[in-house]
Amino acid sequence: MRRAVLLRAAVAAAVTGAVVAGSLAVLPEDGADPGRDQAPVAADQPAQTEQQALAMARKSGKKSEAVGLRTERREIFAEPDGTFTAREYTEPVRTVRDGKWVDIDATLVKRADGSWGPRATTVDLTFSTGQADRPFVTMRRAGREFALTWPYGELPAPRVEGDTATYTDALPGVDLTVRAEPDGFGHLLVVRTPEAAANPKLARVDLGLTTDGLKVTEDPSGALTAEDSAVGGTVFQAGKPAMWDSAAVAEAAAGAQGPKAVTKALKSTAAGADRPAAAVGTQENGAADRTDGAATAAPTGDPGARQAPKAALEGPGGGGRVAPLDVEVGKGKLSLIPDQSFLKDAGTVFPVVIDPIQRTTSRTAWTGVMSGMPSEQDWKYSGSAGVGRCPTDYSPVSCNGVGVRRVLFTMPLSYYKGKQILGATFSARVEHIYSASPTAEPIRLYRVGGKNHTITSSSNWSNTKDHWDSNLQTVDKAISPTSCSSQANLHFESGVSGALTSQIKTAAADGWTSMTLGLRAADENRFAEWKRICGNAYLSIQYNNLPRQIKTSDMFTDPGGLCKWGSGRPYTDVPPKLQAIASDPDHGNGQTDKVKVEFKVEWTDPTTKEAKSYSYTTPDWLSPTSSTKFTHTVKSTIPQNTVVYWSARAYDGDGYGPWSWEGDPAQRCEFIYDKTWPGKPVVVSKEYPSDTVYHDGVGTYGTFTFAPNPNDSVPDTDVVKYLYAFDGTADPTTAVTPSKAGGSVSVSWMPTRSGRHWVDVVAVDKAAHSSSKAHYEFLVSEGKPVTGQWNLADEPGSTEANEESGQYAATAGNAVTFGVDGPGGKADSAAHFDGTPESYLDTNETVLDTARSFSVSAWVRPTALGRDMAVVSQDGTGEPGFTFGYDASAQTWKFSVPVNDVDSLGEWKAVSTGLTVVKDQWVLLTGVYDAQKSGGPELRLYVNKDSKGVAQRRSTWKSYGPLQIGRATAKSGYRDHFTGDLAEVRVFDRVLPAAQVAELMTVKPERKGYWQLDDATGGASAETGGGQALTLAGDASIYRPVDPLFDIAALVGDGNLVLDGDGDYASTATAPVTGNSSFTVTARAQLSSLDPEKSQTVLSLPGARANRVQVRYQAVTGQWELAVATTDAADAEVVTFTDDQELPDTGGSGQHLAVVYDAFANSVRLYVQGQLVAGAHGTNDTLWSATGGLQVGRALRGASEYFAGAIDEVRVYSGAADQVAVQQMAALTALPDM
């Protein structure tokens, strides 16, 4: 009796498939509780990004997860030491339900309509109750659907256990078993007896096949692929199907009694004796103790009985005798054609299992291959697969012809591009071993193939055996078997310098998108090394964010100008000063990481022809901001008349960023030193001097005078002409000749736009030698970007206020509270000051020259008006250089400057008139000091956009102390602490014209549209605030889960927009924002397929002939891209910004995309999942106006690029949202009040 029970359990496990690792634990630490935090990803989540998690980890001394970077298969933790640890899982370990990340749970539950589905998987699966002419299984993802129907009428009601539904006697003696997988399903036909196998209906089983938005094909290897019919790319796939018998069941049960007992049992089972058919379709608990000869311990009771292995019938090789299963895809049907000779063979051990499995496509993959069956594979197998020589001593039939087995895993690596890799570990679970007790038997880890090598559903022994390039590591120790849902028990720990770490370093440095790893036995001729490895492996990577690559556009020589090479390289008459601007992704969010820059200078010795070089590292640690220039003056020992090359890279104390020359093509900056050539000419302009002050202005001519360099070695009289160009990037070509050799000459020029301008001038001598280039820059009102900007949108608990350029981070007093609502409501953030001596922000640096023109602005909400209060000031010796705030005696706002420092006899003060200051009300205050105003220096005070006060300043002095927010200095100490809320403090080292003061009102985010896309009425989805609706076009529709508990969740909230890529879109009637000032547009998008063949637009704002802005999936690069047309013309230049780390994915709740344009900073940013990477932002001053309505899912101008997949949470704001607001919008919960 005991033997019969064990046999039934074994057959049941084989029939229903392996127990999948759907509840695989996400482990913050090895050995920790496998349970996972399932807290909602809410708007106030304190660690959405790497920077936020790093700040929390440093503060708490404990690792902190960057929850905003979670995916179905990845998690990232910041460590207290400033590094990060990421895990990449092969199988999905979590999915989203109702705005929460929850563990995968494939357990079937009954739904309200009587059907069955898994509790939480990454696809929407429905198993029927057996109705005729209705699919017995339906799988959906991102609006795409795949369904199979039983061809022989009604099915019996399913018997459901765990993740499996069994339709007993779908045909006489044949069970149909359907199993939920974490990312798909498997359907098994279990032929229980030879009599059942003789049924003519098994000669060909024509399953009904229906799809929506898919094209199903069979590749030459027999694998099935379901591609998106509109845009291409794989949505679902299945490996080559197979059929196999139950020889392993008898082998495992009799294995402990020796080979003779195995042979006897096989003969008996094949003859029909002791056949366990009655138990088919049931599943009992109990750990397997042997697989293909593997054993750990004998069960109690009958000493000769051994429990049959779970994995005995999991697939080809190690699961029984195998035969080919032909598959044909026809119109409306998927035909399975079993091997009739195999079914009729007297040696076939029943039950026989016929098993194709469909799964979604992901950037991870795993498979098993066999030397004896070189064209077969175990594509994305459930449970475990063998590694080593299949032990025919214990499994003579099921291992017959299998030979050697190996397993392979493809892991995505694009996220680690450019990061400093500090360590790597590959981990897996060994479910079975050969010996009865653990003994040390080696297993090896290899890299398979080279850069971006991936395995597919067609990968097998034949096409992979020659790609095992690098043996990375061997683990040779006793391993106690474990289940596929337990802790990993096999770890290839590479450490800092191991081979796996080295390979990951290479991949990160070279921008690999993936790497394939493989496991194999050390000696593939020994049975003793046989193991079974679960498919749910993971790769752990420890990394640091290195400083970003210094761009050649941020490298200059003086003299010489912008980095050039080849024929454009400059000549210099002196060894030039090299200049570079660096940046570090870990700088910001209140962190003060600083860097040094290493310069490398190279040349070929003109005499010896030897390569020469030297390096120089700047001595000081400086903040890596756009205004910080790292410099080095080239040594005077460099040779003349020789091409000299130079490069630069940043160092953050942990590692070096890439050299500036690295790329495709590699390119170094160049110059030639020749002191016999003319030096750079002198350039001067009275109207437009080259200083830091903005000078009036557009439409006013200026005179620019060129003269020879008096300090070079060439006589001034040798200079006979000048070549010049305004605002050019090429060498100057316009010639002008002085009245006599060596004389000066003047030209007139009028600027037609505001901002920075320049003129490049070259002097030419009598021998036609050109001088070094003089690069003369000047500023034209309006308007120079801010000198300092503190949005005060920092995370609650921050000890610093981040300054947008990263240069002037301000230390916060203990009484400053971040995270309160700002002037833009929930879409904005502010800081609260409680009025006590600890309520202040101190920049610790002088920011403004108070003797020259400057402007200061802030959003202010006072909560008390009983005393003087300073909003912004800058320390002098005994008096502030200026004070900007509230005057209690006058009961109004003021902008003042003391008459002098230390002991001032009074102050020059502009106060607001004609208004009443209201407590608890937001107001925009702006103070402008115009030092060059005709009629004398002037102080002007604006309230909102109106000038409300003006005064003369009749004495001038300069303060040298740090800028203060929320207090002002005095001889007795700090005073006038502010009580209330402050936001978006900005200071400018120039005059802010009235028109730009008015524009400051629009920088504050103001919602112009929020479409939750939860439902649609009359073909339109309403705007949350009652504004213009999004009208649905084509076959666009709103998906709403029928059963919110078990159906695949909408991306966010109760529904999402579904588009088919073939003419579907949604649009507003008019443009919610035009793009002629600051704006923010966001959406959450989920592609229907991985790596589609066609580009697809998520959002666009059209003009008459071009798209003002377009957010899209770019098929050429396979990346998210922001495209900005510089003009509204059909042939306009299009500037693109690309996120090259977070590749588009079909998993989870899609990816949140946000575009923020800040007209003041002249910057545009593309955020993906709340993250901003180097290539996804830059300077942009495009201001032309969109004229058409917002387009969702297409581009109205140019190629339509219709989107295929799901879109949700579309938002539009006038004004530039800060990063914290973007991260709140990226949350998986709807925020209607934001």
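The values are calculated or read from the model by the stated rules, or taken from the named source; none is laboratory data. Remember, it's a predicted structure, so these values are computed and weren't measured experimentally. Cβ: placed from backbone, ideal geometry, glycine included. Neighbour counts: every protein chain shown.
Number of residues in the range 1118-1135 that are buried (at least 16 other Cβ atoms within 10 Å of the Cβ) and of a type in the set (S, T, N, Q): the value is 1. Condition first: surrounded by fewer than 16 Cβ atoms within 10 Å (Cβ to Cβ), among the aliphatic types (A, V, I, L, M) and in contact (Cβ under 8 Å) with a residue 24 or more places away in the chain. Can you find one or more residues in the range 477-485 that meet it? Yes; the residues of the range 477-485 include at least one that is surrounded by fewer than 16 Cβ atoms within 10 Å (Cβ to Cβ), among the aliphatic types (A, V, I, L, M) and in contact (Cβ under 8 Å) with a residue 24 or more places away in the chain. Being farther than 15 Å from ILE965 by Cα, among the small types (Gly, Ala, Ser), within 30 Å of the chain's Cα centre (by Cα) and assigned to a loop (DSSP other than H, G, I, E, B) is the requirement here; does GLY806 meet it? So GLY806 passes the test.
Taking the range 699-738 as the search range and keeping residues that are part of a loop (DSSP other than H, G, I, E, B) and among the hydrophobic types (A, V, I, L, M, F, W, C), which one is farthest from ASP674 (Cα to Cα)?
Going through the range 699-738, the residues part of a loop (DSSP other than H, G, I, E, B) turn out to be 699-701, 708-715, 727-733, 737-738.
Filter once more, so that each one left must be among the hydrophobic types (A, V, I, L, M, F, W, C): 714, 730.
Numbers: VAL714: 11, ALA730: 21 Å.
Among those residues, the one meeting the criterion is ALA730.
Taking residues in the range 636-659 that are assigned by TED's automatic domain parsing to the domain that holds PRO570 and at pLDDT 90 or above, and partners anywhere that are small (Gly, Ala, Ser) and not in a loop (DSSP other than H, G, I, E, B), the pairs with Cβ atoms closer than 6 Å and at least 6 places apart or on different chains are ALA648/ALA580; TRP659/SER647.
In the set THR637, THR676, THR631, only one residue is over 23 Å from TYR416 (Cβ atoms), of a type in the set (S, T, N, Q) and not in a loop (DSSP other than H, G, I, E, B); that residue is THR631. Filtered by the rule that a residue be hydroxyl-bearing (Ser, Thr, Tyr) and either modelled with pLDDT under 95 or in contact with a helix residue (DSSP H, G or I) (Cβ under 7 Å, 6 or more places away or on another chain) (or both), the range 957-1009 gives SER959, TYR960, THR969, SER972, THR1002. Say we look at the range 427-442 and pick out the residues that are surrounded by fewer than 24 Cβ atoms within 10 Å (Cβ to Cβ) and in contact (Cβ under 8 Å) with a residue 40 or more places away in the chain; which of these is nearest to MET515 (Cα to Cα)? That would be SER427.
Select, from VAL231, VAL262, VAL235, the only residue that is modelled with pLDDT of 80 or more, outside any strand (DSSP E or B) and among the hydrophobic types (A, V, I, L, M, F, W, C). Before the answer, list the steps.
On the way: VAL262 fails: modelled with pLDDT of 80 or more; VAL235 fails: outside any strand (DSSP E or B).
Only one candidate passes the filter, namely VAL231.
Just give me the residues in the range 989-1023 being surrounded by fewer than 17 Cβ atoms within 10 Å (Cβ to Cβ) and of a type in the set (Val, Ile, Thr), in sequence order. Result: THR1017, single match.
May I ask you to list the residues in the range 1181-1205 that are of a type in the set (D, E, K, R) and buried (at least 19 other Cβ atoms within 10 Å of the Cβ)? Passing the criteria: ARG1194, ARG1197, GLU1201.
Of the residues making up the range 399-431, those that are touching an Asp or Glu at 6+ places or on another chain (Cβ under 7 Å), in a strand (DSSP E or B) and not aliphatic (A, V, I, L, M) are PRO412, GLN420, THR425.
Go through ARG1211, ARG1165 for me and flag whichever is without any contact (Cβ under 8 Å) to a residue 40 or more places away in the chain and assigned by TED's automatic domain parsing to the domain that holds SER1095. It would help to see each step written out before you state the result.
Values: ARG1211 fails: without any contact (Cβ under 8 Å) to a residue 40 or more places away in the chain.
Step by step, each of ARG1211, ARG1165 is checked, and only ARG1165 is without any contact (Cβ under 8 Å) to a residue 40 or more places away in the chain and assigned by TED's automatic domain parsing to the domain that holds SER1095.
Residues that are within 26 Å of TYR416 (Cβ to Cβ) and among the small types (Gly, Ala, Ser) were ranked within the range 548-592; the one that is modelled with the highest pLDDT is ALA580. Only residues that are part of a loop (DSSP other than H, G, I, E, B), within 18 Å of VAL369 (Cβ to Cβ) and among the charged types (D, E, K, R) were counted in the range 436-477, giving 2. Residues in the range 49-96 that are within 18 Å of the chain's Cα centre (by Cα), in a helix (DSSP H, G or I) and farther than 26 Å from TRP366 by Cβ: GLU50, GLN51, GLN52, ALA53, LEU54, VAL67, GLY68. The condition (being farther than 25 Å from GLY173 by Cα, β-branched (Val, Ile, Thr) and modelled with pLDDT of 90 or more) is satisfied by just one residue among THR107, THR149: THR107.
Among the residues of the range 1185-1234, how many are of a type in the set (Phe, Trp, Tyr) and farther than 21 Å from VAL1073 by Cα?
Restricting attention to the range 1185-1234, the residues satisfying the condition of being of a type in the set (Phe, Trp, Tyr) are 1202-1203, 1213.
Now narrow it down to the ones that are farther than 21 Å from VAL1073 by Cα: 1202-1203.
Final tally of qualifying residues: 2.
Across the range 1162-1183, the qualifying residues are those that are touching a strand residue (DSSP E or B) at 6+ places or on another chain (Cβ under 8 Å) and part of a helix (DSSP H, G or I), and the one among them that is farthest from TYR1113 (Cα to Cα) is GLY1175. Whenever a residue of the range 492-519 is free of Cβ contacts under 8 Å to residues at least 12 places away in the same chain, its partners that are part of a loop (DSSP other than H, G, I, E, B), lying with C-beta atoms within less than 9 angstrom and at least six residues away or across chains, give the pairs SER502/SER494; THR506/LYS451; THR506/TRP512. Among the residues of the range 90-111, the ones that are surrounded by 23 or more Cβ atoms within 10 Å (Cβ to Cβ) and over 18 Å from ARG179 (Cβ atoms) come to 5 in all. In the set (1) in contact with a helix residue (DSSP H, G or I) (Cβ under 8 Å, 6 or more places away or on another chain); (2) surrounded by 22 or more Cβ atoms within 10 Å (Cβ to Cβ), the condition left unmet by GLU803 is number (1).
Which one is surrounded by the most Cβ atoms within 10 Å (Cβ to Cβ), of the residues in the range 121-160 that are among the small types (Gly, Ala, Ser) and without any contact (Cβ under 8 Å) to a residue 60 or more places away in the chain? Reasoning before the result, please.
Pass one, the range 121-160, residues among the small types (Gly, Ala, Ser): 128, 130, 132, 142-143, 147, 153, 157.
The next check asks that each one be without any contact (Cβ under 8 Å) to a residue 60 or more places away in the chain; those that pass are 128, 130, 132, 153, 157.
Numbers: SER128: 24, GLY130: 19, ALA132: 11, GLY153: 10, ALA157: 13.
Checked the range 121-160; the qualifying residue surrounded by the most Cβ atoms within 10 Å (Cβ to Cβ) is SER128.
Among the conditions (1) within 19 Å of ASP212 (Cβ to Cβ); (2) surrounded by fewer than 23 Cβ atoms within 10 Å (Cβ to Cβ), PRO172 misses just one, which is (1).
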